[in-house]
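Written out below as C-alpha cells is the structure these notes cover.
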Amino acid sequence: MHEFSIAASLVEKLSEFGRENPDKKIHEIRLAIGELSHVEHEQLRFCYDSITKETPLEGSILKIDKTEAGAPVVTFQCPACGKTVGETQGKECEIKSIKFSQNEPILN
C-alpha cells in the first residue's frame, strides 16, 4: 500500500511548509497523479485524512487530477541497440497547488 507512504510524505512536506509559515493555514492541496502510477485515489485520500487527524492539516481537502498517459503503452525496441522505449508521461505524482489563507492573529 504505497498510498500510505505517499500520504505520509505529502503531510511531512505540508507540515514543513506550516512550520516555515506559521501565519498561513492550508485549506486545499491539488495533486497530479499519472494514470500509470498505480496510485488508488480513494485510498490516498483515506490515508491523507487519517494521517491529518488532530493536526493543523485536519479538514484540508486533497484534490487529485489524473494525468493521462497519452497513448496506450506499447513496448518498442530500438533496432540498433536493442533497448526498450518507455513511456514519457503517466507516472507523475506531484503537488500542483496549495490553497492557504492568513491565520487570524490571536488577541488576548
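The values are calculated or read from the model by the stated rules, or taken from the named source; none is laboratory data. These numbers come from a predicted model, not from an experiment. Every residue, glycine among them, receives a Cβ derived from its backbone with ideal geometry; neighbour counts consider all protein chains shown. For accessibility, only protein heavy atoms count, side chains too; no ligands or nucleic acids. Shrake-Rupley method; radii C 1.70, N 1.55, O 1.52, S 1.80 Å.
Within segment 27-54, being open to solvent by 50 Å² or more (accessible area, probe 1.4 Å), on the phi < 0 side of the Ramachandran plot and not in a helix (DSSP H, G or I) holds for 27, 30, 35, 40, 53.
I'm trying to understand the selection: among the residues of segment 9-26, which are farther than 13 Å from residue 55 by Cα, surrounded by fewer than 18 Cβ atoms within 10 Å (Cβ to Cβ) and not acidic (Asp, Glu)? If the condition is that a residue be farther than 13 Å from residue 55 by Cα, surrounded by fewer than 18 Cβ atoms within 10 Å (Cβ to Cβ) and not acidic (Asp, Glu), then 9, 13, 17, 21, 22, 24 are the ones that fit.
Would you call residue 58 closer than 20 Å to residue 90 by Cβ and either free of Cβ contacts under 8 Å to residues at least 12 places away in the same chain or in contact with a Pro (Cβ under 9 Å, 6 or more places away or on another chain) (or both)? No: the conditions fail for residue 58. Per the conditions (1) at pLDDT 85 or above; (2) surrounded by fewer than 13 Cβ atoms within 10 Å (Cβ to Cβ), the sole criterion not satisfied by residue 78 is (1). Entry remark, segment 81-108: residues being open to solvent by less than 100 Å² (accessible area, probe 1.4 Å), at pLDDT below 75 and of a type in the set (D, E, K, R) number 1 in total. Scanning segment 55-69 for residues that are crowded, with 16+ Cβ neighbours inside 10 Å and over 16 Å from residue 99 (Cβ atoms) yields 67, 69.
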